[in-house]
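Before any comments, here is the structure.
The values are calculated or read from the model by the stated rules, or taken from the named source; none is laboratory data. Because the structure is predicted, anything quoted here is derived from the model rather than measured. Cβ: placed from backbone, ideal geometry, glycine included. Neighbour counts: every protein chain shown. We work out accessible area using only protein heavy atoms, side chains counted, and drop any ligands, DNA or RNA first. Shrake-Rupley method; radii C 1.70, N 1.55, O 1.52, S 1.80 Å.
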Amino acid sequence: MNAVFPTPDTADSQRLLSPAELEAALRDIGARRYHNLHPFHRLLHDGKLSKDQVRAWALNRYYYQAMIPVKDAAVLARMTDASLRRIWRQRIVDHDGDHEGDGGIERWLKLAEGVGFDRDYVLSTRGILSATKFSVEAYVHFVTEKTLLEAIASSLTEMFSPTIISERVAGMLKNYDFITKETLAYFDKRLTQAPRDADFALDYVKQHATTPELQRKAMAALTFKCNVLWTQLDALYFAYVSPGMVPPDAWQPGEGLVNEASPARVGGNRKMAAGDRPRLPRGVRLRNDETRGKWVLLAPERTFDLDDNAVAVLKLVDGARSVADIADELGKTYAAEPRAIEADILVMLDGLAEKRVLER
Ligand SMILES: O=C(O)c1cc(C(=O)O)c2c(n1)C(=O)C(=O)c1cc(C(=O)O)[nH]c1-2
């Protein structure tokens, strides 16, 4: 979606924008770069992730939540005006609460517990991806090192969060049987806190970005922050969706959970990942049924008709090739982007695994 006033190009960026034009330019940055557009969020909200992939999100996002008050304390420390500090300090109270057991961080811990985590494991931050930590810490460094205007402008992603939060809560409640309203209670409060915070920050930026250069800096700060959010999802996608490369020491499915079955059972339930090497179980064969002119999967006492796409994939399923390898091969044959078809292949293979005619 293009806003009426797109981000100015170099020629335009010499000109001082009116406050309304600046707001439109900031909104346009969100329309193009906010993390609602990231493929990981699409999968999360549409119910396309396994429970373990949702857990990976909850665990990593905890680090963001836990560091937000550290970030806000750094912003506060730069404010020489008591009336500004009085307003900004509310953000720290929102996340830390007024007493033990209260506040946003606590509610995020409840969310993590709701998907099965042991609270102490989450608090330890042991399994969090290094890339998540780097992104979040870059945000803290940014507000410490840049001007106060840039620090405040970098929080403006919150202008866009109510929409994604509503979409996320509705999508997750509808699509995952292990998600309850109580688990997602964190987001209830954000729906009022975020607009309040964003309105204040936007007014501040519109009032204080009084030269073309300051306006450019405010826009750059918001762009930077969109990237802080985006790279966290890139890291999750890479480790837990495709190619499924979990770095050493990062959380592995089965770790840090309460009352969960043995890792073997968790592994048995989990969805296929790009690094898995699927194979047909004993007794299941791919056959060309010549009388019907169809390829089928023959299992003991059962036959499954296959469409052309499934046949193309299953011809490459040999227990040696990974899902990513299969996507690469098909990408060559069909001149398609392998990572795009990989997602479709994973859904198809999960369907067959559920019917027990495919295994990892
Ligand atoms: O759920 C979301 O998508 C989302 C996005 C953002 C954001 O846009 O930065 C924040 C939050 N949630 C959030 O819960 C939160 O406390 C928060 C603080 C800030 C900030 O930059 O100070 N952003 C966000």
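Tabulated values for the structure
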| quantity | calculated |
| --- | --- |
| FRET E, pair residue 339, residue 207, Förster distance 51 Å, beta-carbon r, rounded to 0.05 | 0.70 |
| Tilt relative to the chain, helix 323-334 - C-alpha long axis, 0 to 90 degrees, to 10 | 80 degrees |
| Members of 110/225; 48/332; 48/217; 48/133; 174/294 lying beyond 28 Å, as alpha-carbon distances in this model show | 48/217; 174/294 |
| For segment 13-239, diffusion coefficient by Stokes-Einstein and Kirkwood Rh (Cα), 25 °C, 0.890 mPa s, µm²/s | 135 µm²/s |
| Dipole moment magnitude, nearest 20 debye, the chain about Cα centre, only Lys, Arg, Asp, Glu C-beta charged | 380 debye |
| Rounded to the nearest 10 Å², the accessible area of residue 18 at probe 1.4 Å | 50 Å² |
| At 1.306 mPa s and 10 °C, Stokes D of segment 283-353 from Kirkwood alpha-carbon radius, µm² per second | 124 µm²/s |
| Contour excess over end-to-end distance, with Cα ends at residue 167 and residue 16 and 0.36 nm allotted per residue | 50.8 nm |
| Heavy-atom accessible area ranking, 1.4 Å probe, most first, across 182, 137 | 182, 137 |
| Exposure rank, largest accessible area first [42, 107; 1.4 Å] | 42, 107 |
| Over the chain: helical MRE at 222 nm, DSSP H runs n ≥ 4 each giving -39500 (n - 2.57), nearest 500 | -19500 deg cm²/dmol |
| Size of charge dipole - segment 283-353 - debye, nearest 20, with Cβ of Lys, Arg +1 and Asp, Glu -1, no other charges | 220 debye |
| Dipole axis of the chain (+1 Lys, Arg; -1 Asp, Glu on Cβ), positive-most option in 195, 278, 244 | 278 |
| Only Lys, Arg (+1) and Asp, Glu (-1) charged, at Cβ; segment 1-144 dipole about Cα centre in debye | 260 debye |
| Gyration tensor verdict on segment 112-179 (Cα atoms; rounded if a/c is under 1.5, prolate if a/b is larger than b/c, oblate otherwise) | oblate |
| Potential lengthening between residue 279 and residue 249 on full extension [0.36 nm per residue; Cα-Cα distance subtracted] | 8.0 nm |
| GNM flexibility winner over the chain from 307, 325, 102 (Cα, springs under 10 Å) | 307 |
| Solvent-accessible area of residue 290 with every protein chain in place, 1.4 Å probe, in Å² to the nearest 10 | 150 Å² |
| Per residue solvent-accessible surface (Å²) - the chain, probe of 1.4 Å | 49 Å² |
| Rounded to 10°, Cα long-axis angle of helix 130-145 versus longest principal axis of the chain | 10 degrees |
| Computed label-point distance, nm, for sites residue 180 and residue 32 using a 7 Å Cα→Cβ extension | 4.4 nm |
| Principal axis dimensions, largest first and in whole angstrom, of segment 1-140 by Cα | 54, 44, 23 |
| Rounded percent of accessible protein surface that carbon and sulfur make up, the chain, 1.4 Å probe | 52 percent |
| Linear extension gain, residue 119 paired with residue 318, 0.36 nm per residue minus alpha-carbon span | 67.6 nm |
| Amide H contacts of residue 295 (H built 1.01 Å from N, under 5 Å, at least 5 apart or other chain) | 289, 306 |
| Cα long-axis angle, helix 51-76 against the chain (0 to 90 degrees, to the nearest 10) | 10 degrees |
| Förster radius 45 Å - calculated FRET efficiency between residue 110 and residue 292 (Cβ-Cβ, nearest 0.05) | 0.25 |
| Furthest towards positive pole of dipole, 309, 333, 298, structure part segment 283-353, Cβ charges | 298 |
| Heavy atoms of residue 40 accessible to a 1.4 Å probe, total area in Å² rounded to 10 | 0 Å² |
| Listed residues 72, 328, 81, most fluctuating in the chain (Gaussian network, C-alpha, under 10 Å) | 81 |
| FRET efficiency, residue 141 to residue 332 (Cβ-Cβ, R0 30 Å, nearest 0.05) | 0.10 |
| Largest-first ordering by accessible area, 1.4 Å probe, given options 245, 159 | 245, 159 |
